[in-house]
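For reference, the structure is listed below as structure tokens.
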2 protein chains.
Amino acid sequence: MPEAPRRQPTLDEVAERAGVSRTAASRVLNNAPHVSKAKRDAVQKAIRELGYVPNATARALATRRASAVVLAITDDDSALGQDTPFYSQAIAGVTTVLEETGLELMLVLVNSPRSRSKLQDVLQTHSAAGVMLMGRHGDDPLAALAEQADMPVVFGGRPLNVEPHFYVDSDNRGGARAATEHLIARGRSRIAAITGPLDSDAGLARHRGYLDAMAVAGLDADRVAHGDYTEASGTQAMQALLNQYPDLDAVVAGNDTMAISALRALTTAGRRVPEDVAVTGFDDYLAARHTAPPLTTVHQSIQAWGREMARMLLAVIDGEQPSPLILPTRLIVRDSS
Amino acid sequence: MPEAPRRQPTLDEVAERAGVSRTAASRVLNNAPHVSKAKRDAVQKAIRELGYVPNATARALATRRASAVVLAITDDDSALGQDTPFYSQAIAGVTTVLEETGLELMLVLVNSPRSRSKLQDVLQTHSAAGVMLMGRHGDDPLAALAEQADMPVVFGGRPLNVEPHFYVDSDNRGGARAATEHLIARGRSRIAAITGPLDSDAGLARHRGYLDAMAVAGLDADRVAHGDYTEASGTQAMQALLNQYPDLDAVVAGNDTMAISALRALTTAGRRVPEDVAVTGFDDYLAARHTAPPLTTVHQSIQAWGREMARMLLAVIDGEQPSPLILPTRLIVRDSS
DNA sequence: CTGAAAGCGCTAACAC
DNA sequence: GTGTTAGCGCTTTCAG
């Protein structure tokens, strides 16, 4: 048997081989009606024999419908490069759902003028079937642009400058509140907070959760320092708190990274955790399980985030109007509190 | 000013507006020769005024050249979903390089029959400009298929069943050897190893590095247990080693995750780290800095991996024949050794 | 330097 | 049911 020609077979070749018109072949391919069983079988046989795979590009051009969705991750300086599994978990969730649909996943890291304008092009030219936008939006104009764009867009997390129609978010407020309540229940009362960036919805919400719990308990919620999710900021915030409020007996941090560095700062300052000061984090990264002592923290499933974002996008693409989704968080109590 | 029509402008419209032929417009777009300066300017002006963005799909169809490369991540059960930043770092590196080229990034998680056949289709139909393949290849037939595919393919890490032309890898052997030598230099002699999966090149290479160092020092390298990079396997391996070789005074683990659980197993068994037993890991995840005691480990820059993979792929796409690249690793000494 | 014409591979009316 | 006819928006010979 001679080598088959290297070129990919086209639909015309399939049709010819099956002895039918290209139209019929096309119909079979998209299992459209108006094809006799006989032809249908013949075409399918030909497809199999030729190893035919439809050309997605040609199809996209003809149907004016893109075969890919984009996942855009906006973050100041590529938090994707950070040492956290956040985005890869989201990606895993997204692909899980997309896999069943035949849609491709295009990844765009929005961290440069160039990538920004690329995303804008997508939004403007509708060169994708839909867009998922995640990352710390803050009041990024891109978020507003995306929301206005006349195409399916879902948000992961909420931007501050627009109220998106479709989004998935974690119950940040509830999670932070639960952590704070837990501390209160354990008898702490001089509870400090190390917040994340307050120019993002998640940062704000987490801080509000803390305020909620403190207010309900009638406790003083003034012991506050601000960080930006980095280790350095956590250390610094903890030191500042220790200086200003040496009497504090607990601290709820806006994420695990800051909680971990706070833990160290406390130890360095001679405070015992949790005897003298209890600490809670947020996110439940792997590292949280391995600190000394292990960190009490608020768990959220980022993979579920990704999954739900993708599902929601598919629904929007199908013309539905899904409601926003707030994913639950769960307090994981370990020895640091 | 009335609303502009919603539809995206086409090249014909640009041409018309500029008062030139579509051919000329196309030439300007691809800055091809044979266009007078006057026309060139007119076209560029029209492009700007109309906000024209070329339709990538149409272009791809006409040129029979794809505008995207795929990053395929093969892993038994979606290690992407694991709690490690590995893949997101690689992705960050890849996008950094791709950004400058106008190529899109398609992500394929190869963890199901469906996604496997999807990747095969890409390989067969050349529906992408190139493919980067990373993950634990072992002797995955897909690796062989990819290497044979008549299109640009570069590997991240080396498969066992084929010798790829183009790949990027870490100096696993050198790293493991350095860690072991460090232990030896510190006076340890009854050094055990917890290996990663030995059906992957990285796992093997790391184990060989250990053997190298032990051989050179004339030490006995029999204290070996096997793991699969998971916490559970690390714990189990450590316990087995402790049973079989209660005299061990150090252990080099195949990755940080196993090292961390070994650390715990040791502590639980009443051994002090590093006084009684020293421990080293591999990878240098965030968690390694926060264990008690902090973990001595071998650092590798996964982002560099991604970057170099992308660069290499671009070279291959351009018809070059780049040499394989072995990225250096670096021993990070912390308190666990 | 210039433009007309012929597709890339597929789908979508529209008649039969 | 069936096939014919036009394109989707862009590039690329190929004559001028």
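The values are calculated or read from the model by the stated rules, or taken from the named source; none is laboratory data. Treat the numbers as computed from the prediction; the structure is a model and nothing was measured. Here the Cβ is made from the backbone with ideal geometry for all residues, glycine too, and neighbour counts use every protein chain on show.
A few points about this structure:
- Residue count for the range B:281-317 under the criterion of being surrounded by 24 or more Cβ atoms within 10 Å (Cβ to Cβ) and at negative phi: the result is 17.
- Complete set of residues in the range A:22-61 that are within 9 Å of chain B (Cβ to nearest Cβ) and hydrophobic (A, V, I, L, M, F, W, C): A:Val53, A:Ala56, A:Ala58, A:Ala60, A:Leu61
- The C-beta contact set for the range B:115-139 (first residue closer than 20 Å to B:Pro197 by Cβ, second residue of a type in the set (Val, Ile, Thr) and surrounded by 20 or more Cβ atoms within 10 Å (Cβ to Cβ), distance under 7 angstrom, 6+ apart or interchain) comprises B:Arg116/B:Val110; B:Leu133/B:Thr74; B:Leu133/B:Val153; B:Met134/B:Ile73; B:Gly135/B:Ile73; B:Gly135/B:Thr74; B:His137/B:Thr74.
- Filter result (within 7 Å of chain A (Cβ to nearest Cβ), assigned to a helix (DSSP H, G or I) and within 30 Å of A:Ser117 (Cα to Cα)) within the range B:97-121: B:Glu99
- Among the numbered conditions (1) in a helix (DSSP H, G or I); (2) among the hydrophobic types (A, V, I, L, M, F, W, C); (3) within 14 Å of chain B (Cβ to nearest Cβ), the only one that A:Leu142 does not meet is (3).
- Boolean, A:Ala46 is within 16 Å of DNA strand C (Cβ to nearest atom), buried (at least 21 other Cβ atoms within 10 Å of the Cβ), over 27 Å from A:Met151 (Cα atoms) and not assigned by TED's automatic domain parsing to the domain that holds A:Asn255: yes
- Hits in the range A:223-255 (condition: part of a helix (DSSP H, G or I) and either basic (Lys, Arg) or without any contact (Cβ under 8 Å) to a residue 24 or more places away in the chain (or both)): A:Gln236, A:Ala240, A:Asn243, A:Gln244
- Of the candidates B:Ala128, B:Ala72, the single residue that is within 13 Å of chain A (Cβ to nearest Cβ), buried (at least 16 other Cβ atoms within 10 Å of the Cβ), more than 15 Å from DNA strand D (Cβ to nearest atom) and assigned to a loop (DSSP other than H, G, I, E, B) is B:Ala128.
- Residue match in the range A:189-199 (condition: part of a helix (DSSP H, G or I), of a type in the set (A, V, I, L, M, F, W, C) and more than 14 Å from every other protein chain (Cβ to nearest Cβ)): no
- Within the range B:17-68, the set of residues being of a type in the set (Val, Ile, Thr) and in contact with a helix residue (DSSP H, G or I) (Cβ under 6 Å, 6 or more places away or on another chain) comprises B:Val20, B:Val28, B:Val35, B:Val43, B:Ile47, B:Val53, B:Thr57.
- B:Arg64, sole failed condition from (1) more than 8 Å from DNA strand C (Cβ to nearest atom); (2) within 14 Å of chain A (Cβ to nearest Cβ): (1)
- When we screen B:Thr268, B:Thr296 for residues that are free of Cβ contacts under 8 Å to residues at least 24 places away in the same chain and either under 20 Å from B:Gln239 (Cβ atoms) or more than 14 Å from chain A (Cβ to nearest Cβ) (or both), the only hit is B:Thr268.
- When we screen B:Arg64, B:Arg59, B:Arg17, B:Arg22 for residues that are more than 7 Å from DNA strand D (Cβ to nearest atom) and surrounded by fewer than 18 Cβ atoms within 10 Å (Cβ to Cβ), the only hit is B:Arg64.
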